[in-house]
1. Which of the following residues is under 22 Å from the mean Cα position of the chain (by Cα), at pLDDT below 95 and closer than 18 Å to residue 405 by Cα: 314, 363?
2. Return the residues of the stretch 421-457 that are of a type in the set (Ser, Thr, Tyr) and open to solvent by 40 Å² or more (accessible area, probe 1.4 Å); say none if nothing qualifies.
3. Only residues that are open to solvent by 20 Å² or more (accessible area, probe 1.4 Å) and at pLDDT 90 or above: list them for the stretch 174-190, please.
4. For the stretch 40-62, how many residues are part of a helix (DSSP H, G or I) and on the phi < 0 side of the Ramachandran plot?
5. So the check is Cβ under 7 Å with 6+ separation or different chains; which pairs have a first residue in the stretch 201-228 that's without any contact (Cβ under 8 Å) to a residue 12 or more places away in the chain and not assigned by TED's automatic domain parsing to the domain that holds residue 93 and a second one that's open to solvent by less than 70 Å² (accessible area, probe 1.4 Å) and assigned to a helix (DSSP H, G or I)?
6. For the stretch 269-303, what are the residues that are over 18 Å from residue 205 (Cβ atoms) and in a helix (DSSP H, G or I)?
7. So residue 796 clears everything in (1) open to solvent by 20 Å² or more (accessible area, probe 1.4 Å); (2) assigned by TED's automatic domain parsing to the domain that holds residue 639; (3) in contact (Cβ under 8 Å) with a residue 12 or more places away in the chain except one condition, right? Which one?
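The values are calculated or read from the model by the stated rules, or taken from the named source; none is laboratory data. Here the structure is a predicted model, which means the values were calculated and not measured. Here Cβ is always computed from backbone atoms with ideal geometry, including for glycine, and neighbour counts include all displayed protein chains. We work out accessible area using only protein heavy atoms, side chains counted, and drop any ligands, DNA or RNA first. Shrake-Rupley method; radii C 1.70, N 1.55, O 1.52, S 1.80 Å.
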Amino acid sequence: MTKELDLGLDAPSEPKLTPMMEQYRSIKKTLPPATILFFRLGDFYEMFFEDANQASAILNITLTGREAGASGRIPMCGFPHHAFSGYVRLLLDKNLKVAVCDQIGDSSKTKGLMERKVTRLITPATYLDDENASRSAEYLAAVFRKNGEAALAYLELGTGEFWVRRVSEDRLLDELALIHPREVILPKSLDETPVAAFAREWLHAAVSVYEDWIFDAAEAADRLKQGFQLKSVQSLSFHDDALAVGACGAVLYYLHDHFHHALGHVRAPRILLTAACMMLDRQAQKSLELVANEQGRKGLGTLFRVLDETLTSMGTRQMEQWLLRPLVRVKEIEARQDAVKELCEKKVSAEAIGALLSGIRDMERTLSRLNSGVANARDLVNLKNFMGRIPDLRTELSRFSSALVLELNQKIQPFPALCQLIEQAIVSEPPLTVREGGIIREKYSAELDEYRYLSQNGKQWILDFQQREVERTGIKSLKVKYSQVFGYAIEISNSYLNQVPENYIRRQTLANAERFVLPELTEWDQKISGAQDKMKTLEYEIFNQIRARVLEQLLPLQEMARSVGVADALLALARVALRKNWVCPQISESDEIQIENGRHPVVESMLPMGKFVENDLKLNQKDQQLIILTGPNMAGKSTYIRQAALIVLLAQIGSFVPAKSCKVGVVDRIFTRIGASDDLARGESTFMVEMLETSRILNEATNRSLLILDEVGRGTSTFDGLSIAWAICESLASGASKPRTLFATHYHELTQLEAHFQSVKNFTMKVKDTADGILFLRKVIQGASDRSYGIHVAELAGLPPAVTARAKEILAVLESENQKATQILEGDNQVKASAPKAQPAEQHPVINELKQLDVNRLTPIQALQKLEELKNQAQKQK
Ligand SMILES: Nc1ncnc2c1ncn2[C@@H]1O[C@H](COP(=O)(O)OP(=O)(O)OP(=O)(O)O)[C@@H](O)[C@H]1O
Ligand SMILES: [Mg+2]
């Protein structure tokens, strides 16, 4: 760790504290920055000093104080230990880490200061305890960058998926946005760069900074080799890639640094190549509101929300991954489509599968919990219940013939032996704790049953034994007594010693009695004493044995859980398709996009049934490559062009689409440049960002890309904006690559481009003028709109009538001036920079002076004097 947090503890000369607070202070010093220390005191977890101030506010618990020696009363707050998980979550949500410091040893036997030790260090992306945690993936990512290239390693501890990607430096933020990690590990050299700012401010991730050497390839390779028990690093396909190895190594370092040693469920990292999926930069992710929007992640209004009819957490994660990485290979898309189609057709089986999937717990997380040792017996029961459904699930899946479903059926294997083992061993509703007994069924272990019997019936056995011995010996006063030192023994008073049987073994002599034992009694004594403790220990042992048996099958179990997620996501696509009446698009390698009666999947879902107005779209490279869409404000332009992007994207994840029919020639990238929004994290001006992004689009778009441009140019003055928009259109229509483009704009002048390029076509939003104003029909028709209606919308919005009336006057003047400028552009569409620069006329000094005059402050005499002065001046300068 590179930074020390100010804990309020490191005053130049540290005041002497009580021994316990000294212990606290020394433990606290070993922790990484931004870590709250939970300090176990009896049945409570307490926090002190600055931690207490901070945590009491976040956790909404009372801040109290405690005498701590020389520094007097210090802040303190705390909560009962069983309330742990709820409080941890709240702190993690604030990007804090939590260190748990427990008491070591037995409090009843320790005199003086208890020994204490940090037993866990929990960070936002590594908390697995909470069974009901969010269903989405929480990634821990590490970024490493050198010479314009970067590597991004990311691990989901919950499922054990570990990936690494290589990206060019300028793609780095896009990739980070796609992964949306919960935590980011950066080398010191990247702290205080835009990468760090982006992680903190845009992703709201918790950022940990390490020295650069942690990312050093040689050390990192060693770490990977050890961590994954590889024979050699060569077995990683990316072993010769120093950046990728370094980034993965940093993730492992972080885990070790944070006490995560049980890595068995984490798969060795795999490198992910971008070519197999459509690239969506963060601008596109954001403006198309795929997974996140202003309402937050997976909020209302995101495409994800519309699609997410998954029934399990595994399915939810799968769906999110698909959505952010659409496919580009026709065959792969068709394979998903086939599966979805079949699931739509075989409704009964599909429903049966749905019934089997619903209510399944997050198995990937359960397996991780079992592996990392935080699991309890309920996890085993959940696993068993899950496995119990597999045979039926397989039966249903076997009714399908599409290749993908067949493949899934291969991977979804039942584990009858494990299932049976858990069924036989674990009670159906075990407690949350694993060390307090009550987990293992009767008859599973003879030894355990005996302990149980003993702890419940041990006393009775002693009474029975005593009774038997009284009868056998005829000594009425014979008693079985217990002593701390000798345990159970038969006590016989001195007067009956002559009747003691021969097999009695003498143990102890008292004042007027003797004590004896029998092998039988000794044996029982040993059994009874501590039977309870032994029972608990044994139960825990058995639990661990079963856990180990499960972990032997970890990889196939993970594979199975993942496959169930895929089945669930496919089923969700089918359910959405059926419920919303979507159609299966036809995918090809052509340049054609053709949508008949298309609808915007999200806007449609927010309107009452049937209220959404359907629209067609045709795009191809030859005669309809660039569509200029004009129309009044609020007419539906933005909705229409986004709708096109979303339909294409849905088609390429293998989903059905909201349309009557649809053909999609595969798109390699969707670019969007929508509106003018500030990109604060990068600290650049709005217009600068707009132009940066537009230039990137122009440089990177290929013949197979789809461009969604909404009011590009709007961020600057009208003439600059229009000229830029005009030039962009020219370049798109005549440049080296001709991406299919939808351009919504308020610059009506752009409609003149249609006359110059065969591939440019004008479309407009149909409106109807009525007595009460204009009516939006939301219908896209060929042609150009004649005026903008912006002022009309302003009226609708309630701008004062005086303002709108004045606006109309100004508009008239501007329009006549505008005419002249467009004539220039029209005259020669190659002329790019010759728009006239309207210089304001030099102001006459008299006018300037008049402007500065404050009439209210002049007396009538002064006013007359000034008037004369000005008149003279004007005459002089004429
Ligand atoms: N096809 C449609 N059917 C029904 N309602 C629609 C349709 N398209 C758009 N709308 C509604 O109209 C509203 C405005 O649409 P949109 O934002 O697309 O207009 P716009 O033309 O881009 O306006 P501006 O020029 O101000 O950006 C949307 O919020 C939506 O509710
Ligand atoms: Mg718009």
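1. Details: 363 fails: closer than 18 Å to residue 405 by Cα.
The unique qualifying residue is 314.
2. Those that are of a type in the set (Ser, Thr, Tyr) and open to solvent by 40 Å² or more (accessible area, probe 1.4 Å): 428, 433, 444, 453, 455.
3. Initial filter on the stretch 174-190 (open to solvent by 20 Å² or more (accessible area, probe 1.4 Å)): 180, 182, 188-189.
Scanning the stretch 174-190 gives 182, 188, 189.
4. First, pick out the residues of the stretch 40-62 that are part of a helix (DSSP H, G or I): 49-59.
Then keep just the ones that are on the phi < 0 side of the Ramachandran plot; that gives 50-59.
Number satisfying all stated conditions: 10.
5. 225/233
6. Correct list: 274, 275, 276, 283, 284, 287, 303.
7. So the condition that residue 796 fails would be (2).
Rundown of residues vs (1) open to solvent by 30 Å² or more (accessible area, probe 1.4 Å); (2) in contact (Cβ under 8 Å) with a residue 24 or more places away in the chain, yes/no style:
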{"site": "510", "(1), (2)": "yes, no"}
{"site": "538", "(1), (2)": "no, yes"}
{"site": "543", "(1), (2)": "no, yes"}
{"site": "549", "(1), (2)": "yes, yes"}
